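Below you'll find the structure, written out as structure tokens, and then a few comments.
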């Protein structure tokens, strides 16, 4: 049999022992113990956002090339409801985006103020071939109008915040040239 005693903790470790244990663990696993600084976290967030934007752009480019009659950045048309189900049969092929990236791209596309205007002013929705489909209901137009107004308010608030921040930086650093 094994004569070595088993390690058991019957009472809490003293602060000195806790410190020694912590230092030993940091030596063994330095990356696990350390938390990234706020600046590093911000940098990682910006990097992730940039990557997501690039993925959305790539997915939109694929949509523009694959379905030009339906997806045209210069002539936005109201899309058929649940058009993602029609598109899903084209996924998994060469250069096609994943389902998640497609969902993000469609969300971005349909949240665009120009797309919302197209829904508000439009009468019908369009399928992948650009064929006119179901009629846009009054409820759908009202929802698009509400979303359009909220988006404009957010853009206005963001612009004001940006201008306020710029004015504050200018006040803090009067040596900046205008």
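Derivation of every value follows stated rules applied to the coordinates shown; laboratory data play no part. Quantities reported herein were computed from a predicted structural model and do not represent experimental measurements.
For the reader, a short list of remarks on this structure follows.
- Given their separation in residues at 0.36 nm each and the Cα-Cα distance between them, residue 112 and residue 18 gain 28.3 nm when the chain is fully extended.
- Per-residue extension of 0.36 nm, minus the Cα-Cα distance of residue 64 and residue 45, leaves a gain of 4.0 nm for this segment.
- What the Kirkwood sum gives for region 59-168 is a hydrodynamic radius of 15.3 Å, with every pair of different alpha carbons counted.
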